[in-house]
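Presented below is the structure to which this report refers.
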Amino acid sequence: MGRRVRYSSEFRERAVRLVSEQRSEYESEWAAIGAVAEKLGCTAESLRKWVRHAEQKLIPEAQAREAERERLKQLERENRELRQANEILRKAAAFFAQAELDRPRK
């Protein structure tokens, strides 16, 4: 077994950022990880773990944004339905008011 090397959190963040920036230049994420790991002098497996950990930290934020987006869509849909219902009620009230005026008096 080899000697365990401790990398600073800044180094890890920089490595993860490099992988995300250079991902499009390679055919797969693993290829990008391997290339960045070689450049930085760490193992590809360590870098892969750092990338997965960073992704896991982003999941709650992404879920919160998605929930907020879904709630906004729901409220917009409800708003649209209420506007349509108000328009229908307004037209019905006008129709019945006109019918009342056209009705002969006793």
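Read-outs throughout are calculated quantities, based only on the coordinates presented, and are distinct from any laboratory measurement. Values in this document were obtained by computation on a predicted structure and should not be read as measured data. Don't worry about glycine lacking a Cβ; one is built from the backbone with ideal geometry, like all the others, and counts go over all protein chains shown.
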Residue that is at negative phi and within 23 Å of the chain's Cα centre (by Cα), where the choices are Glu61, Glu100, Glu38, Glu45: Glu61
Close pairs (7 angstrom Cβ cut-off, 6 or more residues apart or separate chains): under 14 Å from Tyr7 (Cβ atoms) in the range 20-49, assigned to a loop (DSSP other than H, G, I, E, B) anywhere: Ala37/Thr43; Cys42/Tyr7
